[in-house]
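Everything below concerns the one structure shown next.
Read-outs: derived from the displayed coordinates by stated rules, not from any lab. Keep in mind that this is a model prediction, so the values were computed, not measured. Neighbour counts are summed over all protein chains in view; Cβ atoms, including those assigned to glycine, are modelled from backbone coordinates with ideal geometry.
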Amino acid sequence: MNLPNKLTLLRVIMIPFFLVCLYMQTQPARIAALVLFCAASLTDALDGHIARKYDLVTNFGKFMDPLADKLLVCSAMIALTAVDSAVVLPSWVVIIIIAREFMITGFRTLAAEQNIVIAAGLWGKLKTIFQMIMIIVLLLNIDNVFFNVLSWVLIGISLVLTIISAGDYLLKNRQVLKG
């Protein structure tokens, strides 16, 4: 197993540890959750960079990397709807974001059956970046006006980018639905 795939697996392995720390609700545990989430998010950028730079792209990586991203981000967002924080992530926002992920995953499956490979687009990458930043700010759990407003702005941007990226993805690949 190559390094990028090991980093992807490490990201998946970190998720339960992140969740345990987050649910412990103590300051040291919340800091540990933040560090674990940041480290896991960095492995996302790192594994893709290494795989492309050193031509280590594998079918396992193509499958597991996006799955690991979705598991990390969705787990964090679901958990943030239930923890005691300065700003609690609304469950309806998480439902919309996860619904988009299911829709796009189903769409990709349909495309794969037609031997169509769909690359991630700019809007999808921006969506993921803003979702990760939003989660980090929410994990910081700083209860002051600036961070409360910043949290809500990032939640809004993440939601808008989720909707735009879904529309862009479907529009650019509408030939899949014709097949």
Run the numbers on the chain and let me know its relative contact order in percent, using alpha-carbon pairs under 8 Å that are six or more apart.
-> 23
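In µm²/s, what is D for the chain at 10 °C and 1.306 mPa s, where D = kT/(6 pi eta Rh) by Stokes-Einstein and Rh is the Kirkwood radius from Cα pairs? All intermediate terms of the calculation are to be shown ahead of the outcome.
Numbers: Rh = 17.1 Å.
Reported coefficient: 93 µm²/s.
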Fluctuation leader among K127, K70, K62 - the chain, Gaussian network, Cα springs under 10 angstrom = K62
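With a sphere of radius 15 Å drawn around the Cβ of D47, what net charge do the other residues whose Cβ falls strictly inside it have (Lys, Arg +1; Asp, Glu -1)? Intermediate values should be presented prior to the final figure.
On the way: positive: K6, R11, R52, K53, K62, K70, K125; negative: D44, D55, D65, D69.
That works out to +3.
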Asserting the computed 222 nm helical MRE of the chain (DSSP H runs at least 4 long, -39500 (n - 2.57) per run, divided by residue count, to nearest 500) equals -28000 deg cm²/dmol
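For each of I136, I155, I104, count neighbouring Cβ atoms within 10 Å of the residue's Cβ, then give the residues from fewest to most.
Details: I136 15, I155 23, I104 20.
By the 10 Å Cβ count, ascending: I136, I104, I155.
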Estimated distance in nm for a label pair at A45 and L71, the labels positioned 7 Å out from Cα along Cα-to-Cβ | 2.3
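Multiply the residue separation of L177 and V12 by 0.36 nm, subtract the distance between their alpha-carbon atoms, and state the gained length in nm to one decimal. Could you put the intermediate results ahead of the total?
Numbers: separation 165, 0.36 × 165 = 59.40 nm, distance 3.18 nm.
Taking 0.36 nm per residue and subtracting the Cα distance, the gain is 56.2 nm.
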Report, in order of residue number, the helices in the chain meeting two criteria: a C-alpha extent of 20 Å or more along the helix axis, and a mean Kyte-Doolittle hydropathy of at least 1.0; treat each whole DSSP H run as one helix.
-> 3-24, 91-113, 122-140, 145-172
